[in-house]
Amino acid sequence: MKKCIALISANMHRIPYPVYPLGISYLTGYLSIHLPDCEVKVFDFNLETYDSFAAFLEGHAFDLAGISLRNFDDSTHTYRANLFIAHYREIMRIARAHTQAPIVLGGAGFSVFPELIFNELNPDYAILGEGEAALKELIVALSEGSDPTTIDRLAWRDADGRFHINAAGKKCGTNYISSPALHVENDWAAYYWNSGGMLNIQTKRGCPYNCIFCSYPLIDGRTVRTLDAKTVVASIEELYFTKGISYLFFTDSIFNIHKEYNEELARRLIESRADIRWGAYFAPHNLTEDELKLYQQSGLTHVEFGSDSLSDRQLEHYNKKFRMSDIREQSRLCSNLGIFYAHFLILGGYGETDETLDETFAHSGELGLTVYFPYIGMRVYPHTKLCDIALREGLIRSPGDLINPVYYLSKEIDPATIEPRAKATGQRWIFTDDEPSPVMDRLRRRGKKGPLWEFLRY
């Protein structure tokens, strides 16, 4: 009998722009190939309401409902912080009231806080990390009436109420997929293209670095897996020719990890019939001028550097593998080539002092025509070195405290002084609490595509 599966994107956060629910599209594409008798219906809370969600569930006899949780909060430590847990509770309440299907959670938000969210929302199952193969195995097991609790990276609760997360194994955990199929809904593509000015796609999964605060290894793992370049470019061509998408953002944790793969991808893009522009997150080191030229030929227009600090002492505290000299050089290369670049920084994090802040502010004038996107303080995530520090210093009593956002702010600085000191440098700083730019709104209404922060540099 044909199975009917619901895949639901729970995200409603639209600042600075709505982000396309990429995970749902990869899941849909994978199931269409590996379970062709399975009908998948999708739902996106950025386009819909609670009432339409109830009607969606009532309108189909679903055999399983998968809910993707992208974020847990908006990563803002101030009074304007936006928490999403109440929204997720309401989704679960409506789901339980309007379908008898087992409910499965997944997505980046779940992978960062698996046990906390499982206890809070009480799904039937959840999947940690890369979800395509595990979801397929779960659908098959439930359909056949077999025991699903041996599936890799599955979270579940036993009859005694004990919580379990299975380790990654050979079944679908360590043999990661390399050629994910991207299925993009026409209505979704039109909405995100018109309102966000871009769509997103992956070329790699996993992050090998050990920054003290970062959640990416929790989401994608530490093993870097490059996705088949030919398949990636084929997906890009389909987006371009069937949906008119000409700007993409590569959502890899860091794009410039694998030089040989990136060269192959860039050359395939150059040879492609699709005339696309793209941007990505980059680490501000390990890039040569020749590499940047090749990427530029393939369509690169925007580089978002995860610089985090412009003080060598702070970069060491954050366990970064680069220093200010690298940041300066990579900025120079982008400037010489006419590639737009921005720097994302963390101000007031672990180890920060007035002296290290002064170094960052002084160095901010050395990086040419750029934009700075600073975060004040560090969001504490479980299973990170920063979580261990927060426990040791008494900021939290246990990782369970992180169900509500906790931020690490250095006691050596006064956070109220950070923004005025930054603005006094005369550089372009865009803080998370700043009001949305009317310039960007006007440009978006006129059909301008891409992130548009390059228009804020002046």
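The values are calculated or read from the model by the stated rules, or taken from the named source; none is laboratory data. Given the structure is predicted, the values throughout are model-derived calculations rather than measurements. FYI the Cβ positions are ideal-geometry reconstructions off the backbone, even for glycines, and counts take in every protein chain you see. Note: areas computed on protein heavy atoms with side chains; ligands, DNA, RNA excluded. Shrake-Rupley method; radii C 1.70, N 1.55, O 1.52, S 1.80 Å.
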Worksheet item: Taking the stated definitions as given, is Gly348 farther than 17 Å from Ile212 by Cα and touching a helix residue (DSSP H, G or I) at 6+ places or on another chain (Cβ under 6 Å)?
Response: no
Worksheet item: How many residues, within segment 271-285, are more than 12 Å from Leu333 (Cα to Cα) and either without any contact (Cβ under 8 Å) to a residue 12 or more places away in the chain or in a loop (DSSP other than H, G, I, E, B) (or both)?
Response: 7
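Are any residues in segment 314-326 in a helix (DSSP H, G or I) and surrounded by 15 or more Cβ atoms within 10 Å (Cβ to Cβ), and if so, which ones? Walk me through it before giving the result.
Restricting attention to segment 314-326, the residues satisfying the condition of being in a helix (DSSP H, G or I) are 314-317, 324-326.
Within segment 314-326, Gln314, Leu315, His317, Met324, Asp326 qualify.
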Discussion item. Here's a check for you: in segment 396-416, which residue that is aliphatic (A, V, I, L, M) and outside any loop (DSSP other than H, G, I, E, B) is least open to solvent (accessible area, probe 1.4 Å)?
Written reply: Leu402
Response to the item:
For segment 286-313 the number of residues that are assigned to a helix (DSSP H, G or I) and farther than 30 Å from Asp358 by Cβ is 9
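Please return the ranges of strands (runs of 3 or more DSSP E) entirely within segment 122-191 where 3 or more residues are open to solvent by less than 60 Å² (accessible area, probe 1.4 Å).
Because the criterion is at least 3 residues that are open to solvent by less than 60 Å² (accessible area, probe 1.4 Å), the strands (runs of 3 or more DSSP E) in segment 122-191 that meet it are 125-127, 154-157.
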Practice prompt. Please work out which residue is surrounded by the most Cβ atoms within 10 Å (Cβ to Cβ), limiting yourself to segment 417-458 and to residues that are among the polar types (S, T, N, Q) and modelled with pLDDT of 90 or more.
Written response: Gln427
Fill in: Checklist (1) in contact with an Asp or Glu (Cβ under 6 Å, 6 or more places away or on another chain); (2) modelled with pLDDT under 90 applied to Arg205, failing item
(2)
Item to complete: Quickly run through segment 20-41 and pick out the residues that are of a type in the set (Val, Ile, Thr) and over 20 Å from the mean Cα position of the chain (by Cα).
Response: Ile33, Val40
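Answer yes or no: is there a residue in segment 289-296 that is touching a Gly at 6+ places or on another chain (Cβ under 9 Å) and open to solvent by less than 50 Å² (accessible area, probe 1.4 Å). Reasoning before the result, please.
From segment 289-296, those touching a Gly at 6+ places or on another chain (Cβ under 9 Å) are 296; that's our starting set.
Narrowing further to those that are open to solvent by less than 50 Å² (accessible area, probe 1.4 Å): none.
Among the residues of segment 289-296, not one is touching a Gly at 6+ places or on another chain (Cβ under 9 Å) and open to solvent by less than 50 Å² (accessible area, probe 1.4 Å), which makes the answer no.
May I ask you to list the residues in segment 351-373 that are part of a strand (DSSP E or B) and touching a helix residue (DSSP H, G or I) at 6+ places or on another chain (Cβ under 7 Å)?
Within segment 351-373, Val371, Tyr372 meet the criteria.
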Worksheet item: Within segment 89-103, is there a residue that is crowded, with 19+ Cβ neighbours inside 10 Å, under 21 Å from Asn166 (Cβ atoms) and either modelled with pLDDT of 95 or more or in contact with a strand residue (DSSP E or B) (Cβ under 6 Å, 6 or more places away or on another chain) (or both)?
Response: yes
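In the list Ile165, Ile212, Ile151, which residue meets the criterion of being touching a residue at least 60 places away in the same chain (Cβ under 8 Å) and among the β-branched types (Val, Ile, Thr)?
Details: Ile165 fails: touching a residue at least 60 places away in the same chain (Cβ under 8 Å); Ile151 fails: touching a residue at least 60 places away in the same chain (Cβ under 8 Å).
Testing whether each residue is touching a residue at least 60 places away in the same chain (Cβ under 8 Å) and among the β-branched types (Val, Ile, Thr) leaves just Ile212.
From Glu304, Glu393, Glu329, grab the single residue that is within 26 Å of Asp434 (Cβ to Cβ), out of contact with any helix residue (DSSP H, G or I) (no Cβ under 7 Å at 6 or more places or on another chain) and either among the β-branched types (Val, Ile, Thr) or surrounded by fewer than 22 Cβ atoms within 10 Å (Cβ to Cβ) (or both). Reasoning before the result, please.
Details: Glu393 fails: within 26 Å of Asp434 (Cβ to Cβ); Glu329 fails: within 26 Å of Asp434 (Cβ to Cβ).
Sole residue among the options that is within 26 Å of Asp434 (Cβ to Cβ), out of contact with any helix residue (DSSP H, G or I) (no Cβ under 7 Å at 6 or more places or on another chain) and either among the β-branched types (Val, Ile, Thr) or surrounded by fewer than 22 Cβ atoms within 10 Å (Cβ to Cβ) (or both): Glu304.
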Worksheet, complete the sentence: Flagged in segment 52-70 as more than 24 Å from the chain's Cα centre (by Cα), in a loop (DSSP other than H, G, I, E, B) and of a type in the set (A, V, I, L, M), in numbering order, are Ala61
Worksheet, complete the sentence: Residues of segment 211-270 being closer than 15 Å to Leu300 by Cβ, buried (at least 19 other Cβ atoms within 10 Å of the Cβ) and of a type in the set (D, E, K, R), in sequence order, are Asp252
